[in-house]
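Engineer: Just dropping this structure here.
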Amino acid sequence: MIDKSLFDLPGVRKMFPILGILAVIQAIVIAAQALFMATTITRLWNGEAFGQVILWVLGFLACFLSRELINFIRSKALDKLAYGLATKLRGDILEKFFRLGPTRLTDLGSGSAATTVITGIDQVEEYIKLVLSKVLNMMIVPMLLLVPVFFLDWQSGIVLTLTFPFAILFMILLGFAAQGRAERQYKTFQYLSNHFLDSLRGISTLKYFGLSKDYAKSIYRTSEEFRKETMGALRIAMLSTFALDFFASLSVAVVALFLGLRLMNGEILLFPALAALIMAPEYFLPLRDFASDYHATLNGKNSLAAVNEILATDENISTELEKTLTWTDQSRLELTELTKIYDTGRGIADVNLQVTGFQKIALVGNSGSGKSTLLSMLAGFLTPTQGKIKLNTQVLSSLADEKYRQSVQFIPQKTYIFAGTFRENLAFYEPGASDEEIEQAAHLAGLQGLLKEIGLDGQVGAGGRTISGGQAQRLALARAFLSKTRNILLLDEPTAHLDIETELEIKANILPLLENKLVFIATHRLHWLSSMDLVIVLKEGAVAGIGTHEELLATNIYYQELLTQMRGVDDEEILLTKPSNQDQNADENQISSVSKKVTEETTDKATQKFRENADGFEKSSGKDFVSKKGGQINEI
């Protein structure tokens with residue numbers, strides 16, 4: 001009924017005595033209300049005038065108002081407690097997501113995470129409001145009402161005492177069935193959330209490969225599964241409510257029958273019989289109230305379990321560094337046999353690298369070669385499976401150190417724009433930056449047009465000005481330009497959503513700002529490579545070469561092939577040899593022909609790979625779909 005973790009929430013233990021006292025007072029008021037009503041009816045039955053029983057009527061009204069006042073006080077106290085706890089839990093879970101990083105959040109599933117934060121916390125709030133008061137009322141009120149019933153008529157007290165455990169036992173049996181159904185429904189809901197959100201993210205890819213209509217059937221099947229689980233849970237909930245109502249009504253009917261027979265035989269007076277009969281429905285009322293909201297409490301209990309599971313997730317954040325790292329020209333980073341292998345068997349292995357001072361390092365390779373994995377380990381989002389990291393003179397198990405993170409800027413492929421002002425989004429890393437510094441950073445990132453349009457106080461994100469993909473990426477760059485204390489910069493395709501003209505314009509602004517920093521950039525753009533001090537070539541999760549652009553171009557065959565592929569042509573000689581004037585037209589025709597052939601072959605292979613991934617969806621859970629299949633959709 002009550003999740004034990006509920007008592008670990010602040011304020012819950014203090015609320016229990018208050019609710020207990022209110023339940024005791026409510027039981028006393030209910031008993032007094034029944035006695036006042038029975039006295040009034042009995043006296044009127046005996047022929048007394050209404051004026052003679054007015055005090056008893058007023059006593060009944062006073063008890064009625066007291067009962068409503070108790071309900072109001074309890075409701076207000078629980079509303080305040082539940083709202084405060086829900087707000088705290090929502091803040092804790094968002095902070096947890098932030099500390100876990102994007103990689104761990106992807107494993108959880110974006111749809112499931114969003115569902116837990118929004119719908120799940122709302123259900124937890126409702127759960128706190130319902131379960132605390134209803135459980136205590138069910139424990140206290142019936143027991144206290146038995147005392148006056150036994151005084152009035154011990155036989156009715158025995159009937160009520162014997163029937164109550166049977167109702168509880170039946171509720172427990174149905175409760176187990178309802179709990180299993182509710183758990184399956186909640187898992188199906190998370191599965192549907194992950195599936196739906198991942199489908200929205202990959203809708204353009206699905207349409208590109210002509211699979212959007214086929215994929216709609218999969219969404220329909222998933223929603224049908226959720227509908228069936230929901231209806232099954234509702235059937236159990238309605239059956240439970242009906243059963244408890246039946247037992248309560250049957251018990252009251254038995255009490256009424258025996259009281260009526262004994263009253264007709266003159267074995268009992270009207271007043272005790274009437275008072276006992278009035279208290280009988282009140283005796284079962286707390287149990288019926290709990291049963292009517294049992295399904296809602298199960299949803300809240302499952303949501304609380306999901307929240308606790310997320311909050312209990314190991315962050316793998318170390319505190320080995322004594323102070324915030326500031327990268328200097330004497331700083332040194334050494335990676336030895338650094339490896340990260342996922343459960344699928346993919347990842348990156350045996351990375352050996354030594355970096356000293358300020359350098360600009362590019363990570364290049366085909367999709368799935370391990371660029372993002374290596375970049376996530378350098379950002380501290382992933383813990384290596386094995387290997388050693390040496391930062392200056394200190395050996396670390398991973399770079400997931402709180403002090404190290406405070407010196408890192410990470411610009412992902414898709415920048416998140418949170419609801420707030422343009423100023424707040426730009427000053428994400430430097431909240432204390434002046435307006436002049438913010439405007440200068442926006443100008444360097446090419447945001448002067450948007451800045452002129454909405455100003456620094458303009459609202460962006462949810463409920464504000466819509467930001468395009470290119471503008472979001474420029475905003476992320478402006479954040480990096482603005483930061484003065486973080487001089488380890490990690491960029492994952494920083495200009496992926498920009499057209500080539502804008503990209504080259506912003507690149508001219510970026511390069512000077514990369515000086516006096518340690519920079520790692522994962523990119524498919526060729527024009528970045530000649531500006532890098534070092535290039536790391538990755539092939540199928542392994543390092544295929546490390547050196548300058550010129551060295552690799554001269555000695556590394558795979559790097560030459562990779563550059564050819566990145567140009568979109570499969571003929572190295574055409575690309576690396578400048579055509580003469582007389583053969584230029586012929587070469588251009590040959591390049592066009594080869595490019596068209598490569599594009600068609602690439603599209604066919606990608607379509608085949610995508611269909612294989614889509615066929616595997618039905619066998620995967622919603623969580624696995626987001627973390628594995630979803631990644632492949634976006635990657636294609």
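The values are calculated or read from the model by the stated rules, or taken from the named source; none is laboratory data. All values derive from a computational prediction rather than experimental measurement. As a convention, Cβ positions derive from the backbone with ideal geometry for all residues, glycine included, and neighbour counts pool all protein chains shown.
Engineer: Looking only at segment 440-460, filter to residues that are more than 24 Å from GLU501 (Cβ to Cβ) and touching a Leu at 6+ places or on another chain (Cβ under 9 Å); which one of those is surrounded by the most Cβ atoms within 10 Å (Cβ to Cβ)?
Structural biologist: Within segment 440-460, the first condition is being more than 24 Å from GLU501 (Cβ to Cβ), and the residues that meet it are 455-460.
Okay, now just the ones that are also touching a Leu at 6+ places or on another chain (Cβ under 9 Å), so 456, 458, 460.
Working: LEU456: 16, GLY458: 14, VAL460: 24.
Looking at residues that are more than 24 Å from GLU501 (Cβ to Cβ) and touching a Leu at 6+ places or on another chain (Cβ under 9 Å), I get VAL460.
Engineer: Would you check if PHE381 is under 25 Å from the mean Cα position of the chain (by Cα) and either modelled with pLDDT of 90 or more or part of a loop (DSSP other than H, G, I, E, B) (or both)?
Structural biologist: On the way: under 25 Å from the mean Cα position of the chain (by Cα): yes; either modelled with pLDDT of 90 or more or part of a loop (DSSP other than H, G, I, E, B) (or both): yes.
So PHE381 fits the description; yes.
Engineer: In segment 428-438, how many are surrounded by 18 or more Cβ atoms within 10 Å (Cβ to Cβ) and under 19 Å from GLU453 (Cβ atoms)?
Structural biologist: Final tally of qualifying residues: 1.
Engineer: In this structure, is GLU430 modelled with pLDDT of 85 or more, outside the structural domain of GLU322 (by TED's automatic domain parsing) and of a type in the set (Asp, Glu)? Step through it out loud before you land on a result.
Structural biologist: On the way: modelled with pLDDT of 85 or more: no; outside the structural domain of GLU322 (by TED's automatic domain parsing): yes; of a type in the set (Asp, Glu): yes.
Answer is no for this residue.
Engineer: Could you check GLU493 against (1) under 28 Å from the mean Cα position of the chain (by Cα); (2) surrounded by fewer than 20 Cβ atoms within 10 Å (Cβ to Cβ); (3) over 22 Å from LEU374 (Cβ atoms) and say which number it fails?
Structural biologist: So the condition that GLU493 fails would be (3).
Engineer: Output the number of residues of segment 42-91 satisfying the condition of being of a type in the set (S, T, N, Q) and at positive phi.
Structural biologist: 0
Engineer: Also, I was wondering about something else. If SER434 meets every condition in (1) closer than 30 Å to LEU325 by Cβ; (2) in contact with a strand residue (DSSP E or B) (Cβ under 9 Å, 6 or more places away or on another chain) apart from one, which number is that one?
Structural biologist: Only one criterion in (1) closer than 30 Å to LEU325 by Cβ; (2) in contact with a strand residue (DSSP E or B) (Cβ under 9 Å, 6 or more places away or on another chain) is unmet by SER434, namely (2).
Engineer: Another question, then. Only one residue in PHE381, PHE422 is buried (at least 20 other Cβ atoms within 10 Å of the Cβ), under 28 Å from GLY345 (Cα atoms) and of a type in the set (Phe, Trp, Tyr), so which one is that? Reasoning before the result, please.
Structural biologist: Details: PHE422 fails: under 28 Å from GLY345 (Cα atoms).
Of the residues listed, the single one that is buried (at least 20 other Cβ atoms within 10 Å of the Cβ), under 28 Å from GLY345 (Cα atoms) and of a type in the set (Phe, Trp, Tyr) is PHE381.
Residue by residue, here is whether (1) touching a helix residue (DSSP H, G or I) at 6+ places or on another chain (Cβ under 8 Å); (2) closer than 15 Å to THR313 by Cβ; (3) aliphatic (A, V, I, L, M) holds:
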site	(1), (2), (3)
LEU81	yes, no, yes
ASP92	yes, yes, no
GLY101	yes, yes, no
THR106	yes, yes, no
VAL117	yes, yes, yes
ASP122	yes, no, no
ILE128	yes, no, yes
LEU132	yes, no, yes
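Every residue, every condition in (1) in the same structural domain as ASP107 (by TED's automatic domain parsing); (2) free of Cβ contacts under 8 Å to residues at least 60 places away in the same chain; (3) among the hydroxyl-bearing types (Ser, Thr, Tyr), yes or no:
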residue: THR339; (1), (2), (3): no, yes, yes
residue: ARG346; (1), (2), (3): no, no, no
residue: SER372; (1), (2), (3): no, no, yes
residue: SER376; (1), (2), (3): no, no, yes
residue: THR383; (1), (2), (3): no, no, yes
residue: GLY387; (1), (2), (3): no, yes, no
residue: LEU396; (1), (2), (3): no, no, no
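Engineer: How many of the residues making up segment 118-134 are of a type in the set (S, T, N, Q) and surrounded by fewer than 22 Cβ atoms within 10 Å (Cβ to Cβ)?
Structural biologist: Step one: of segment 118-134, the residues of a type in the set (S, T, N, Q) are 119, 123, 133.
Checking which are surrounded by fewer than 22 Cβ atoms within 10 Å (Cβ to Cβ) leaves us with 119.
Qualifying residue count for the region: 1.
Engineer: Which of the residues belonging to segment 260-271 are part of a helix (DSSP H, G or I) and of a type outside the set (A, V, I, L, M)? Full working, then the answer.
Structural biologist: At the first step, the residues of segment 260-271 found to be part of a helix (DSSP H, G or I) are 260-264, 270-271.
Within segment 260-271, GLY260, ARG262, PHE271 qualify.
Engineer: Among the residues of segment 56-74, is any of a type in the set (Val, Ile, Thr) and over 30 Å from SER5 (Cα atoms)?
Structural biologist: Taking segment 56-74 first, the residues of a type in the set (Val, Ile, Thr) are 57, 70, 73.
Remaining after also requiring over 30 Å from SER5 (Cα atoms): 57.
Looking through segment 56-74, at least one residue is of a type in the set (Val, Ile, Thr) and over 30 Å from SER5 (Cα atoms).
Engineer: Which residue out of GLY47, GLY59 is surrounded by 14 or more Cβ atoms within 10 Å (Cβ to Cβ), more than 48 Å from the chain's Cα centre (by Cα) and without any contact (Cβ under 8 Å) to a residue 60 or more places away in the chain? Full working, then the answer.
Structural biologist: On the way: GLY47 fails: surrounded by 14 or more Cβ atoms within 10 Å (Cβ to Cβ).
Among GLY47, GLY59, only GLY59 is surrounded by 14 or more Cβ atoms within 10 Å (Cβ to Cβ), more than 48 Å from the chain's Cα centre (by Cα) and without any contact (Cβ under 8 Å) to a residue 60 or more places away in the chain.
Engineer: Taking segment 314-337 only, how many residues are modelled with pLDDT of 85 or more and of a type in the set (A, V, I, L, M)?
Structural biologist: Result for segment 314-337: 2.
Engineer: Report the residue count in segment 461-490 for those that are crowded, with 16+ Cβ neighbours inside 10 Å, more than 23 Å from ASN516 (Cβ to Cβ) and in contact with a strand residue (DSSP E or B) (Cβ under 7 Å, 6 or more places away or on another chain).
Structural biologist: Result for segment 461-490: 2.
Engineer: Go over the candidates THR39, THR119, THR115, THR87 one by one and state the one that is of a type in the set (Val, Ile, Thr) and closer than 18 Å to ALA275 by Cα. It would help to see each step written out before you state the result.
Structural biologist: Details: THR119 fails: closer than 18 Å to ALA275 by Cα; THR115 fails: closer than 18 Å to ALA275 by Cα; THR87 fails: closer than 18 Å to ALA275 by Cα.
It is THR39.
Table: residues versus (1) of a type in the set (Val, Ile, Thr); (2) at pLDDT 75 or above.
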| site | (1), (2) |
| --- | --- |
| GLU424 | no, yes |
| GLN440 | no, yes |
| ILE467 | yes, yes |
| ARG474 | no, yes |
| HIS497 | no, no |
| ILE500 | yes, no |
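Engineer: With the requirement that a residue be of a type in the set (Val, Ile, Thr) and free of Cβ contacts under 8 Å to residues at least 60 places away in the same chain, what does segment 186-221 give you? Let's see the steps before the verdict.
Structural biologist: As a first pass, look at segment 186-221 and keep what is of a type in the set (Val, Ile, Thr): 188, 203, 205, 219.
Those that are of a type in the set (Val, Ile, Thr) and free of Cβ contacts under 8 Å to residues at least 60 places away in the same chain: THR188, ILE203, ILE219.
Engineer: For segment 74-107, which positions are within 13 Å of the chain's Cα centre (by Cα) and free of Cβ contacts under 8 Å to residues at least 12 places away in the same chain?
Structural biologist: Answer for segment 74-107, where residues must be within 13 Å of the chain's Cα centre (by Cα) and free of Cβ contacts under 8 Å to residues at least 12 places away in the same chain: GLY91, GLU95, PHE98, LEU105.
Engineer: Moving on to the next point. Looking at LEU239, LEU250, LEU257, LEU274, which is the one that is assigned to a helix (DSSP H, G or I) and under 36 Å from the mean Cα position of the chain (by Cα)?
Structural biologist: On the way: LEU250 fails: under 36 Å from the mean Cα position of the chain (by Cα); LEU257 fails: under 36 Å from the mean Cα position of the chain (by Cα); LEU274 fails: under 36 Å from the mean Cα position of the chain (by Cα).
It is LEU239.
Engineer: Output the residue which, of all residues in segment 406-419 that are touching a residue at least 60 places away in the same chain (Cβ under 8 Å) and out of contact with any strand residue (DSSP E or B) (no Cβ under 6 Å at 6 or more places or on another chain), is surrounded by the fewest Cβ atoms within 10 Å (Cβ to Cβ).
Structural biologist: First, the residues of segment 406-419 that are touching a residue at least 60 places away in the same chain (Cβ under 8 Å): 406-413, 415.
Checking the rest, the ones that are also out of contact with any strand residue (DSSP E or B) (no Cβ under 6 Å at 6 or more places or on another chain) come to 406, 415.
Working: GLN406: 15, THR415: 20.
Top of the filtered list is GLN406.
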